[in-house]
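Following: one structure in structure tokens, then a few remarks.
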Amino acid sequence: MRLIAIALVATLAVVLVGLPIAVSWKPTSEPRTLADVIASAERKGLYWTSVPIDDPHARRLIVSAMPLDEDAAGLVNLSFPTDGVASCYIAWDSVRIHYDPHQSAFWGDIFVHGDPAIVKILTGANPGDR
């Protein structure tokens, strides 16, 4: 009887400790920061920039199939997606109004919106699958 009680307590302890970790766990391959997005874009042969280009505290990244100059990058927005380009934002609550299952995905802690081909290359999934 004592062994059963010890086994139950041990099992309960494992569940109470392990469950919060399992619920909050995200695969390490999913980005948490814009620096993670930069690293992933570069590994996949994509280009990236911030607007303005030298902004040390960028809030979004523009990821593209071809290099963009600052003027072209400045025209990228959530209302009018551009071929070959996607915008990446830290996924704060207000971006949810821009969610379009054909052009966007939540990828780790990042909201990606734009050309479905670029979204797929960057995230590894079709828009709307995430």
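The values are calculated or read from the model by the stated rules, or taken from the named source; none is laboratory data. Worth saying up front: this structure is predicted, and the values here are computed from it rather than measured. Backbone-built Cβ (ideal geometry, glycine too); neighbour counts: all protein chains shown.
Return the only residue of V119, V112 being β-branched (V, I, T) and touching a helix residue (DSSP H, G or I) at 6+ places or on another chain (Cβ under 7 Å). Every option except V112 fails the conditions. The set of residues in the range 104-130 that are more than 12 Å from the chain's Cα centre (by Cα) and under 17 Å from E42 (Cβ atoms) comprises I118, I121.
Every condition in (1) surrounded by 10 or more Cβ atoms within 10 Å (Cβ to Cβ); (2) at pLDDT 80 or above is met by A7 except one, and the failing one is (2).
Let me confirm something: among D83, D71, D55, D115, which residue is acidic (D, E), without any contact (Cβ under 8 Å) to a residue 12 or more places away in the chain and more than 21 Å from R32 (Cα to Cα)?
From the options D83, D71, D55, D115, the qualifying one is D71.
Restricting attention to the range 111-130, the residues being buried (at least 22 other Cβ atoms within 10 Å of the Cβ) and either in contact with a Gly (Cβ under 7 Å, 6 or more places away or on another chain) or part of a loop (DSSP other than H, G, I, E, B) (or both) number 2. In the range 48-71, the residue that is modelled with the lowest pLDDT out of those that are within 18 Å of S104 (Cα to Cα) and in a strand (DSSP E or B) is R60. Restricting attention to the range 72-103, the residues that are outside any loop (DSSP other than H, G, I, E, B), of a type outside the set (V, I, T), within 17 Å of the chain's Cα centre (by Cα) and farther than 21 Å from S29 by Cα total 4.
I38 - would you say it is at pLDDT 90 or above and β-branched (V, I, T)? Criteria met by I38.
Just for the range 84-110: of the residues that are closer than 12 Å to I62 by Cα and not polar (S, T, N, Q), which one is surrounded by the fewest Cβ atoms within 10 Å (Cβ to Cβ)? Working first, answer last.
Initially, the range 84-110 is screened for residues closer than 12 Å to I62 by Cα, giving 84-89.
Right, trim to not polar (S, T, N, Q) and you get 84-86, 88-89.
Numbers: G84: 16, V85: 22, A86: 32, C88: 28, Y89: 20.
Only one residue fits best here, namely G84.
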